[in-house]
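Read the structure below first, then the notes.
The values are calculated or read from the model by the stated rules, or taken from the named source; none is laboratory data. Predicted, not measured: the structure shown is a model, and the values here were computed from it. Note that each Cβ is placed from the backbone with ideal geometry, even for glycine, and that neighbours are counted across all protein chains shown.
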Amino acid sequence: MTGYIVSISCLGYMAFFLFVQLGQVDRIVQTINPESMTAEQMTVLKNRVTRSTEQLKDEMLGVAIVGSLVSIIGAAYTFSLIIRPLNRMIEYASLQSEIDPPEFNSNTELKQLTTAITELREQLKEKSSVQV
């Protein structure tokens, strides 16, 4: 989970960096005075601004692609570590199912929930055998 947070932080930094670069290009464009510039200076300036905007577009596309990949990886991570075990626990919690409870290596909330469900199932089995 920490890696996911770090990735999001890096994407935020990249977006901020692009915003700063875009601000610099905007300042250049705002300070242009076409009356005081020669045609050659205007051409050079136009080429630089065009090159900068193309570079910014490429970098923004890169950030969008990286962000999409991080989101897909995060979704897969969430599915494999949370959704799949929750589905197994739902199946285990139904009294008709006789499967073993899902096992967890660390003491997470999911492991605690599985333990609580196991205890609840045992208590219900005891009550149902006493009533019969």
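Being exposed (fewer than 12 other Cβ atoms within 10 Å of the Cβ) and modelled with pLDDT of 75 or more is the filter here, so list the residues in the range 106-115 that pass it. Steps first, please.
Start the filter on the range 106-115 by keeping residues that are exposed (fewer than 12 other Cβ atoms within 10 Å of the Cβ), which leaves 106-107, 109, 112.
Glu109, Gln112, listed by residue number.
Which ones in the range 30-43 are surrounded by 12 or more Cβ atoms within 10 Å (Cβ to Cβ) and out of contact with any Pro (no Cβ under 7 Å at 6 or more places or on another chain)?
Initial filter on the range 30-43 (surrounded by 12 or more Cβ atoms within 10 Å (Cβ to Cβ)): 32, 37, 41-42.
Residues satisfying the conditions are Ile32, Met37, Gln41.
Can Ile82 be described as surrounded by 13 or more Cβ atoms within 10 Å (Cβ to Cβ) and either out of contact with any helix residue (DSSP H, G or I) (no Cβ under 7 Å at 6 or more places or on another chain) or within 23 Å of Leu11 (Cβ to Cβ) (or both)?
On the way: surrounded by 13 or more Cβ atoms within 10 Å (Cβ to Cβ): yes; either out of contact with any helix residue (DSSP H, G or I) (no Cβ under 7 Å at 6 or more places or on another chain) or within 23 Å of Leu11 (Cβ to Cβ) (or both): yes.
For Ile82, the condition - surrounded by 13 or more Cβ atoms within 10 Å (Cβ to Cβ) and either out of contact with any helix residue (DSSP H, G or I) (no Cβ under 7 Å at 6 or more places or on another chain) or within 23 Å of Leu11 (Cβ to Cβ) (or both) - is met.
Output the qualifying pairs, or none if there are none: Cβ atoms under 6 angstrom, residues six or more apart or on different chains, first residue in the range 47-70 and over 14 Å from Gln21 (Cβ atoms) and modelled with pLDDT under 80, second residue of a type outside the set (Phe, Trp, Tyr) and surrounded by fewer than 10 Cβ atoms within 10 Å (Cβ to Cβ).
Short answer, once both residue conditions are applied: none.
Out of Leu61, Leu56, which single residue is surrounded by 14 or more Cβ atoms within 10 Å (Cβ to Cβ) and of a type in the set (A, V, I, L, M)?
Leu56
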